[in-house]
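The values are calculated or read from the model by the stated rules, or taken from the named source; none is laboratory data. Not measured: the values here are computed from a predicted model. When we count neighbours, we look across all protein chains shown, and the Cβ atoms used for this are built from the backbone with ideal geometry, even at glycine.
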Amino acid sequence: MSTQAAQGPTRPQSRTRPARKDRKGSAVDRSLNWIDDRLGVSKAGRTFMDKIFPDHWSFMLGEIALYSFVVLVATGIFLTLYYIPSSKEVIYHGSYLPLKGRKMSEAYLSTVNLSLKVRFGLVMRQAHHWAADVFVGAIAVHMCRVFFTGAFRRPRELNWAVGVTLLTLAIVNGFIGYSLPGDLISGTGLRIMFSIILSIPLIGTYLAFFLFGGNYPGNGIIIPRLFIIHVLIVPAIIAALIGAHLFLLVRQKHTQFAGPGRREDNVVGSPMWPNFMLKTTGFQAMVAAVLLGLGAFAQINPIWQFGPYVPYKVSYAVQPDWYMAWLDGALRIMPSWEFAGFGHTIPLEVTLPAVVLPGLTFGLFYAWPFLEARFTGDYLPHHILDRPRDRPRRTGLGAGILAFYFVLFGASSTDVLANYLHVSLNAVLWSFRVLVFVVPVIVGFLAYEISKELAALPDSGKRKRAMIVERTPQGEYLAEPAEPRPGDGTEELEPEPVPVHMPVAELVGSGSLGDETGTEAGPAGVRQVER
Amino acid sequence: MVDHEELARPWTLPPDDPRLQPYAKNPARAEKVIAACFIFAILCLAAFGASYWQAASERVMGGFLAVGLFALGFGIAAWGKYLTPRGPFEEPRHILHGTQLEQEAFQAAVVERAEVVIGRRPFLIKLLAMAGGITAVVMAFPLLRSLGPLPGKSLFHTPWRKGSRVVTASGRAITVDDLEVGGILTVFPEQAPGSAVAQTLLIRVATEPIVTQPGRETWGPAGYLAFSKVCTHAGCPVTLYEEQFQQLLCPCHQSLFDIYDGAVPVFGPAPRPLPQLPLMVDDQGYLRAQADYDQPIGPGFWERTTT
Amino acid sequence: MKRFSFSRSKRSFDGDGRDGSSRAHRARRTRRQKSSSSLVLYRLLPMAVVVAVVAVGFLSAGTATKASASTPKGSTHSKGSGSSAAADPSSSVTHEPFPIKGSSGYLPSEPGSAGPEEFGLQPGENGAPKSGYPTITFKNANVKEGYALFQANCASCHGPDAAGTEIAPNLQGLGAATIDFWVSTGRMPLANADIQAAIKPRRLDPAQTHDVVAWVTSLDPGGPGVPLVDLSHASLAQGQSLFTLNCAGCHTITGAGDALSGGAFAPTLHIATPRQVAEAIRTGPGNMPRFGPGNLSTQQVDDIVAYVTGPIQHPDNPGGFGLGGIGPVAEGFVALLIGVGGLMLIGYWIGDRT
């Protein structure tokens, strides 16, 4: 393979090491040498700097999740400086009148204080919450990209499994974080969680009692326990798995879409340094900016309005955060099928939607790469991605499964929908009981048919070029492609290994790169590619 | 040894190679825009610092920081996108697995050396497995068992006792005259006001005694009915008393209970009626419980026997 | 002692000033018609949430036809549905304990048409059964005018003597607070027979309302009187605590309201005047339970009223836009559409180079 690259066509001339007069001069050079002396990193280091990232917008989705996690850690560290994980009963003496003199848990009091008293605390708390919502959302979108393009196929099954684990942990930690403030709504969520654990046959009662330190609401230990899970155990696992995720990405190299010069045995795109590093650093700053902007301008979870959690108080219109909403929706539309007999009770109306359904869901996710390989018989390694339309069965199935969770997500707001549509609550609930089966079938079938139709079109996805129809004097009709419009075709150079030196003859102004319409012959090695 | 791959990697390309040109059609203009972004970002970030110092509102502080970071990030990303060599560049993708010889050697190293350990000393390996197993089991004791008490029978009863006075969360005892018809109140046994498991919804639906189910003839004196407030589905407090329909609605998953029929669920996911607390009125007019609930309250669990 | 197996519409008169069967009449009424009131801007954000699943509306077409018994807010409200508070003695002794930031569409405006009124603190006047809490009477109300207004606006359903008909309940003995609540919130006179009367711009101005109240209560002085609301010593902290225990279960923690079973709903609290809140607590209109003086003291009702007309109606929202006060549903859409969606657009700009 190494010789193959050397034999590529139209190779530029100078590939010999040029003389460098300043070779021993700079402090940076000396430090790099110092490091190489001790760690031996120069070869691997250059390979890392030359590492190629394919350019496609959909490859940026995982970065949204990564950088949301960075924001989560940063804002989370800020929050831990003020949050007190304690159920101890204290009295609020702060400035918010509706809580003044009220008894509440220390956790709730510290959360109110860090929201209303600590300078910049509210933006940090809200940015943390928004970042959690976006984190899970970005993971989900990234996972959809990986799924529909077949990026999970051999050799990336392990990385897919790591990703599914990350999704699970993100959801779990999001829910735990939601429970920490000790406000009325989060306490209700914990109460439901206790019931869900309780519903597990055989061991549920023991698990629930062990976790909560007794029958609900427990002995006050649940908040400190959730805290350490939320700020240490799960984030540490997430960080380690993100490391593994990225290590596998580097080791296996990124997938790429088919295109000119793109083969199974190469990666074409931009080098790590400087292109990708600049872009990704900028993206990190912009992700942080969007999350902080949401934290500053969009109020989320205003816990001071909710009041402290009291087990016999509740608010209507209680929903969990969106990534738990599909479970809540499943709980709502599940019929009341409790099994009772043989001296035991299995509350299937809770166990099925809240324990079995997520188990099946994530089990299916883990197993998918192996299931698909088994059904298609395709065990070969793949580095060139599918377009979703090229795999109608996978696309249809995936769209149907996605639709199933979307309907469950919608079902978690039956009361809100009934209120705003002015429809009977009962009618909304029954609609969802039907929709949850009907919609996935329709969506899956439509996605399958559309994919098949698109895949059958030879030019699908490419921009149409106008045709000029001429009638000859003899009455014959001729169809010819029209002159390309700007942007119709674009230059695509042959890919080249990254050179060590990048001498740039700075050419100011346009026109130096050849005509953008692609009508002129470009420099050597340029070929016309239709979009 | 000659590193062919290293030789294949070029040291440089001619300066006029199109791959080295920036992506921007007009690099000078792109540079100006990026510079403007950075200047704007510097101003905004400085303004954030000033607004923090001056204790401006959260929105002002967050706004400056967000806008400043966005401008900074936009500038950096635009730099990376428009002013760096446009490429495309490539690198080879190596086959990950080793040669057949390497694979065989690896397999042999693992399997045959295992034979040295397992195959020749079966007795030791059994002992080792036992030791490992007992470690796992005994470690589970402190890791699990210490976490909380055993459930025992605690899910089967509540603090309600025979003769418990009905009190509010603040401990005020309720007399038969306190509620008007159509009134509700969250009540507790006097020995456990505020208890999460004993929370009970007291409803007055009439002035004369009410019977909701056969066998509950004396449970609803003076039109008072008391139901466990813990939903039999997922344990939420059932607070929505629809006075017109005489139904209780759970706010979490919208289970609906018919009050006059002993709070049997008529809609939604709840599987069982809300347990009813038998009430009585004492000589001084105070409401009291005749007994504890006749069944475990709240959501279902494995040990719950059928009733 | 009897078993309650019979239909709910057969509930007997409970002797407490309330006609049980009349309430059941309302429950039985299931004629459903389309209400004329329109959606207002306030609803647009949550409606966006709704659009995604609008198919629900089609599948439940049978009940959907009676949709949009919407509760006008903001602009429609300023026509005077809440105007009584400004002319109300309870507001003259009210100091607003909660700092209201900025102007709000929910603030009642003075219609100007109704002249100054006189009120008196008259618990248990005229030998009427005591309400058990301080009440007010409309001193300058004109009973004769009230009779005329009743005949013109109410008698077609409730009968000329307010004794009720097949389609409408007996009003005698329901109490001044009940009549005042239903008329002053615009629910009565009823425009459309629906599962539940909707708040709408009031047809009778405050003075006319008082006339009607005076005439109806002159027929039977029983029932709960119009509560005197005095917020000068109200505690917002107690109000919040009582609100979460007694009100948030139906009206939600932000007072936005939500759906009940069978097409009924707990209305929004954002446009209620102090007196209307107190009247609703004391009389339990519609599906709402009733909180008598043995349940909530006068002070406790005042606390709740102060919390509802303060932080609930004028939330501080230091964290930014309140997103309609409907919690994670709206938050999820913002996170996914603006957060993830916006960042995907940025990623598209950064990543796309072909």
Hey, any hits in the stretch A:493-508 for a residue that's surrounded by 11 or more Cβ atoms within 10 Å (Cβ to Cβ), modelled with pLDDT under 85 and not in a loop (DSSP other than H, G, I, E, B)?
-> yes
Of the residues A:D36, A:D55, which single one is touching a Ser or Thr at 6+ places or on another chain (Cβ under 8 Å), farther than 29 Å from B:K81 by Cβ and surrounded by 12 or more Cβ atoms within 10 Å (Cβ to Cβ)?
-> A:D36
Those residues of the stretch A:308-339 which are small (G, A, S) and within 9 Å of chain C (Cβ to nearest Cβ) amount to A:S315, A:A317, A:A325
Need at least 1 residues that are under 29 Å from A:D328 (Cα atoms) per element, so show me which strands (runs of 3 or more DSSP E) inside the stretch B:243-307 make the cut, counting only ones lying wholly within it.
-> B:247-249, B:256-258, B:264-267
Of those in the stretch A:304-318 that are crowded, with 24+ Cβ neighbours inside 10 Å and not aromatic (F, W, Y), the residue nearest to the chain's Cα centre (by Cα) is A:V318
Is it true that A:D390 is over 21 Å from the mean Cα position of the chain (by Cα), within 26 Å of A:Y448 (Cβ to Cβ) and surrounded by fewer than 23 Cβ atoms within 10 Å (Cβ to Cβ)?
-> yes
Over the stretch A:211-266, the set of residues assigned to a helix (DSSP H, G or I) and either more than 20 Å from A:V172 (Cβ to Cβ) or aromatic (F, W, Y) (or both) is A:F212, A:F227, A:L246, A:F247, A:L248, A:L249, A:V250, A:R251, A:Q252
Assess whether A:G293 counts as being among the small types (G, A, S) and either within 13 Å of chain B (Cβ to nearest Cβ) or touching a residue at least 40 places away in the same chain (Cβ under 8 Å) (or both).
-> yes
Test for C:H210: is it over 21 Å from C:F138 (Cα atoms) and buried (at least 22 other Cβ atoms within 10 Å of the Cβ) | no
Of the residues B:L179, B:L225, B:L240, B:L185, which single one is touching a Cys at 6+ places or on another chain (Cβ under 7 Å), modelled with pLDDT of 90 or more, within 11 Å of chain C (Cβ to nearest Cβ) and buried (at least 20 other Cβ atoms within 10 Å of the Cβ)?
-> B:L240
Would you mind finding the one in C:G239, C:G249, C:G223 that is modelled with pLDDT under 90, buried (at least 24 other Cβ atoms within 10 Å of the Cβ) and within 14 Å of another protein chain (Cβ to nearest Cβ)?
-> C:G223
How many residues of the stretch A:137-164 are β-branched (V, I, T) and within 17 Å of A:G243 (Cβ to Cβ)? The answer is 3
Checked against (1) of a type in the set (G, A, S); (2) touching a Gly at 6+ places or on another chain (Cβ under 7 Å); (3) surrounded by fewer than 24 Cβ atoms within 10 Å (Cβ to Cβ), B:G298 satisfies every condition except (3)
Just one listed residue, out of A:G269, A:G261, is out of contact with any helix residue (DSSP H, G or I) (no Cβ under 7 Å at 6 or more places or on another chain) and surrounded by fewer than 20 Cβ atoms within 10 Å (Cβ to Cβ), and it is A:G261
Whichever residue in the stretch C:296-326 is crowded, with 21+ Cβ neighbours inside 10 Å and over 20 Å from the mean Cα position of the chain (by Cα) and, among such residues, is farthest from the other protein chains (Cβ to nearest Cβ) | C:L323
Answer yes or no: is there a residue in the stretch B:48-59 that is surrounded by 22 or more Cβ atoms within 10 Å (Cβ to Cβ) and among the basic types (K, R).
-> no
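The rows are residues; the columns are (1) facing another protein chain (nearest Cβ under 9 Å); (2) of a type in the set (A, V, I, L, M); (3) under 27 Å from A:P308 (Cα atoms).
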{"residue": "A:Q126", "(1), (2), (3)": "yes, no, yes"}
{"residue": "A:A138", "(1), (2), (3)": "yes, yes, no"}
{"residue": "A:C144", "(1), (2), (3)": "no, no, no"}
{"residue": "A:E157", "(1), (2), (3)": "no, no, no"}
{"residue": "A:V162", "(1), (2), (3)": "no, yes, no"}
{"residue": "A:G177", "(1), (2), (3)": "no, no, yes"}
{"residue": "A:P181", "(1), (2), (3)": "no, no, yes"}
{"residue": "A:L190", "(1), (2), (3)": "no, yes, yes"}
{"residue": "A:G220", "(1), (2), (3)": "no, no, yes"}
From the options A:F362, A:F370, A:F445, residue that is part of a helix (DSSP H, G or I), farther than 16 Å from A:V146 by Cβ and modelled with pLDDT of 90 or more = A:F445
Filter result (buried (at least 19 other Cβ atoms within 10 Å of the Cβ), more than 25 Å from A:Y216 (Cα to Cα) and in contact (Cβ under 8 Å) with a residue 60 or more places away in the chain) within the stretch A:77-98 | A:Y96, A:P98
In this structure, does B:G75 turn out to be farther than 20 Å from A:F297 by Cα, crowded, with 21+ Cβ neighbours inside 10 Å and touching a residue at least 40 places away in the same chain (Cβ under 8 Å)?
-> yes
Kindly check whether there is at least one residue in the stretch B:70-86 that is more than 7 Å from chain A (Cβ to nearest Cβ), outside any helix (DSSP H, G or I) and of a type in the set (D, E, K, R).
-> yes
